[in-house]
Amino acid sequence: MYKRVLLKLSGEQLSGKFEGGIDAELGSWLASEVKGVAESGTQVVIMVGGGNYARGAQLAGHGIRRVTADHIGMLGTMMNALALTDIFESRNVPTRCLSNIFAEQVAEPFVHRLAEKHLANGRVVIVACGIGRPYLTTDTAAVSLALELGCDVVLKATKVDGVYDKDPTHNHDAIKFDHLSHDQALSDEAIRVMDKAALGLALEHDLPIVVFDALEAGNIQRVAANEPTGTLIG
Ligand code: UDP
């Protein structure tokens with residue numbers, strides 16, 4: 001069992017059965033899955049994406065500067081983080097939302113010691129706005145935050161149950177890896193499960209990443225207990 005994990009949830013996953021926005025029913029189901037992890041004694045940090053609202057790289061153009069587009073993307077993650085925090089608390093999972101963009105009216109600021117305090121008190125910490133700087137994705141922000149908070153592993157939730165040698169949704173003969181080194185994941189152009197900046201940072205600091213399907217019942221608990229699930233990069 002890991003002592004502290006960082007769970008990365010993408011915006012697309014949080015939108016569940018909807019085209020965009022957040023699927024609160026799915027959020028509620030995720031709360032019950034994470035509750036099991038927290039109650040078993042593993043501390044949980046969650047980095048939420050915002051692709052269900054906006055992605056900076058896609059939004060930039062026609063006058064919208066990339067920096068502004070990334071700000072908008074980060075604010076999208078804020079909407080997910082706020083909704084998820086409320087949903088978790090309504091399911092009796094003590095949770096705090098900490099923001100990496102100044103937004104005192106809506107969330108506590110991300111302060112390293114404050115995050116540590118909440119985690120030590122058994123609260124789930126959901127981080128909004130990535131790490132607060134443009135030209136990054138929440139995958140890279142997740143690795144950076146995991147390093148900052150001394151997490152044992154990054155649990156990267158995806159639609160599929162691990163890393164394949166080619167896209168399994170279009171290729172029936174795609175082969176799943178149980179284990180990959182950081183180097184392999186970085187150098188193989190066909191592996192697009194995480195951006196290379198995130199993988200490079202994880203390689204540099206030897207931080208393991210598990211790519212897995214969070215929407216299968218019990219899977220979040222399995223990965224947090226360090227049971228073989230999905231693909232281990234590291
Ligand atoms: N973003 C950013 N800095 C960060 C994290 C995110 O600028 O530290 C912006 C970026 O524009 C990104 C958007 O926020 O596209 C939403 O995050 P992401 O695309 O990673 O969401 P996901 O694909 O995981 O839903």
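Structural remarks
- Cα shape, segment 1-59, gyration tensor, a/c 1.5 rule: oblate
- Element breakdown for segment 42-149 at a 1.4 angstrom probe: carbon and sulfur atoms account for 54% of the accessible area.
- Average accessible surface area per residue within segment 106-208, 1.4 Å rolling probe, Å²: 50 Å²
- Solvent exposure, largest accessible area first (probe 1.4 Å, DNA, RNA and ligands not counted), of GLU108, GLU189, GLU12: GLU189, GLU12, GLU108
- Share antiparallel - DSSP beta bridges, segment 105-234, percent rounded to 5: 45 percent
- Prolate/oblate/rounded call for the chain, Cα gyration tensor, a/c under 1.5 rounded: rounded
- Accessible-area value, LYS166, 1.4 Å probe, nucleic acids and ligands omitted, Å²: 80 Å²
- Under 21 Å from the Cα of LYS196 - lysines, other chains or at least 8 residues apart: LYS8, LYS156, LYS159, LYS166, LYS176
- Three-way shape call for segment 154-234 based on the alpha-carbon gyration tensor, with the a/c threshold at 1.5: oblate
- Relative frequency of Cα-Cα separations exceeding 19 Å in segment 28-125, percent: 47 percent
- Solvent exposure, largest accessible area first (probe 1.4 Å, DNA, RNA and ligands not counted), of SER90, SER40: SER90, SER40
- Checking every one of the GluC sites (Glu not before Pro) in segment 18-53 against DSSP loop status and a limit of 11 other Cβ atoms within 10 Å picks out GLU19.
- Dipole orientation for the chain: of the candidates SER32, ALA214, HIS179, SER32 has the Cα lying most toward the positive pole (charges on Cβ; Lys, Arg +1; Asp, Glu -1).
- Screening the chain for DSSP H helices whose Cα atoms reach 24 Å or more along their own axis and whose mean Kyte hydropathy is at least -0.5 gives 66-90.
The values are calculated or read from the model by the stated rules, or taken from the named source; none is laboratory data. Predicted, not measured: the structure shown is a model, and the values here were computed from it. Cβ coordinates were reconstructed from backbone atoms using ideal geometry, including for glycine residues, and neighbour counts include every protein chain displayed. In case anyone asks, the SASA skips ligands and DNA or RNA and just uses the protein heavy atoms, side chains included. Shrake-Rupley method; radii C 1.70, N 1.55, O 1.52, S 1.80 Å.
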